[in-house]
Amino acid sequence: MSVAQTLLGLLESGPRYGYDLKRAYDERFGRDRPLHYGQVYSTLARLLKNGLVEVESVEPGGGPERKCYTITDAGITDVEHWLTQPEKPEPYLQSTLYTKVVLALLTGRAAAEILDTQRAEHLRLMRELTRRKQQGDLADKLICDHALFHLEADLRWLELTAARLDELTREVRR
Amino acid sequence: MSHTISSEAPMTGGRADAPPLLYGVDLHKAFGPSRALDGASLHIRAGEVVALMGPSGSGKSTLMHCLAGIVRPDSGRVLYRNDDLTTMSDARRSALRRTEFGFVFQFGQLVPELSCLENVALSLRLGGARQRAAEAKAAEWLEVLEVADVAAKRPGEVSGGQGQRVAVARALAAGPSVIFADEPTGALDSLNGERVMDLLTMSARRTGTAVLLVTHDARVAAYSDREIVVRDGRTRGGEPA
């Protein structure tokens, strides 16, 4: 999953300090794997260097200065691009797709379209495997069957998530 | 339309630049207060296998029934080779269904009193073929669908998978241009479902027959050349590219 794009997506709803950004990330996406502070600040430094975020204000404190980050237009375009590109179907994809769907809901984008795009990508791969199966020998069939069953499980998750979008929207915006 | 049964089958069908064979445009249909179709559009080219997917109650079966001339939409047009099914007389639509369209349903729907061979021959007889020619052709199709050994048996005496292959043979035998298949593997186990889909799509591609496949099963949809999603009576991916 892309931590950089997720942080950018969280910044789209308003400027935040690095500390607040980490907390927002951990609450929504990092229950099992919270971010380290070092990872947050190194990611923000990279985003700053690439012109995807700006420092809106600096607050002097007892220790290091606290910087409040805001997303740039280039940053918004980057989030948009990431959300609308289908992911390569692979194991443990759900956390990335879940993040994309939640971010789309948080930023007022069409979450159903993200699921549809991903669905089409999964089905495209299933078509390829089915053709390979039809032309192949028994070993090919068995290998393709295994991949097809996994893709089918992903698709069922995508469909169920699509059916639960209204519920998820209420939860996310609460 | 006449077909020859050969052993070579292309893996995909339908030329992308070919004009649509069957075309539904902005279809609306309500059953009482319930709106089943709300501006659905779909096209299918000769030799193409298209999967129609969507959740239960999304309108996919109603859309198929409108395209097959079984249900008349409240508004919109259904064009088959430039003839509008929505303005056609019932008699002409029935004739079209008999000669140009083939159907495969979830539970075969074979005539229980007839043998499997007679079931397949019946579709040819209804198209005007003589009995002997119809039975010879039916036997050929049972062979293609790998169920020649059940030709003399009645549908009640064969397995679900065999019965469904007989139903596919019946749909293909009269040489239709379009086959409508509504959950064709819904009542079968994985292995039998796979065999039915292999034989249906390979035979259809071999003969240049278009197949419109209604299914909620992604592994069945994966046999298609493209999919159209139906949600709340509307289609996604149904317009020609």
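The values are calculated or read from the model by the stated rules, or taken from the named source; none is laboratory data. As the structure is a computational prediction, the values presented were derived from the model and not from experiment. Glycine gets a Cβ as well: all are built from the backbone with ideal geometry, and neighbour counts include every protein chain shown. Calculation scope for accessible area: heavy atoms of the full protein, side chains included, ligands and nucleic acids excluded. Shrake-Rupley method; radii C 1.70, N 1.55, O 1.52, S 1.80 Å.
General observations
- A:GLU65 accessible area, 1.4 Å probe, all protein chains in place, Å² to nearest 10: 120
- Translational diffusion coefficient (Stokes-Einstein; Kirkwood radius from C-alpha pairs) of the stretch A:3-67 at 20 °C, 1.002 mPa s, in µm²/s: 175
- The order of B:PHE31, B:PHE105 by accessible area, most exposed first and with a 1.4 Å probe, is B:PHE31, B:PHE105.
- Helix-derived mean residue ellipticity, 222 nm - over chain B, DSSP H n ≥ 4, -39500 (n - 2.57), to 500: -10000 deg cm²/dmol
- Between B:GLU227, B:GLU157, B:GLU183, the GNM of chain B built on Cα springs shorter than 10 angstrom shows B:GLU157 fluctuating the most.
- Efficiency of FRET between B:ASP189 and A:SER13 - r from beta-carbon atoms, R0 41 angstrom, step 0.05: 0.25
- Estimated D of the stretch A:96-172 in µm² per second, where Rh is the Kirkwood radius over Cα pairs and Stokes-Einstein applies at 37 °C, 0.692 mPa s: 240
- Note on the stretch A:75-119: along the principal axes its Cα atoms extend 28, 18, 16 Å, ordered by decreasing extent.
- Chain A: most fluctuating residue of A:ASP73, A:ASP140, A:ASP20 per GNM, C-alpha cutoff 10 Å: A:ASP140
- Pairs over the 30 Å Cα-Cα cut-off, from the set A:LYS49/A:LYS88; A:LYS100/A:LYS133; A:LYS49/A:LYS100; A:LYS88/A:LYS133; A:LYS100/B:LYS60; A:LYS141/B:LYS137: A:LYS100/A:LYS133; A:LYS141/B:LYS137.
- Gap separating the Cα centres of the stretch A:93-108 and the stretch A:18-58, nearest whole Å: 17
- Of the three principal axes defined by the Cα atoms of chain B, the extents in descending order read 46, 38, 38 Å.
- Kirkwood hydrodynamic radius of the protein assembly as shown, Cα pairs, Å: 24.1
- Neighbour-limited loop hits for GluC sites (Glu not before Pro), the stretch B:71-155 (at most 15 other Cβ within 10 Å; DSSP other than H, G, I, E, B): B:GLU113, B:GLU146
- Alpha-carbon centroid distance for the pair the stretch B:206-220 / the stretch B:11-83, whole angstrom: 14
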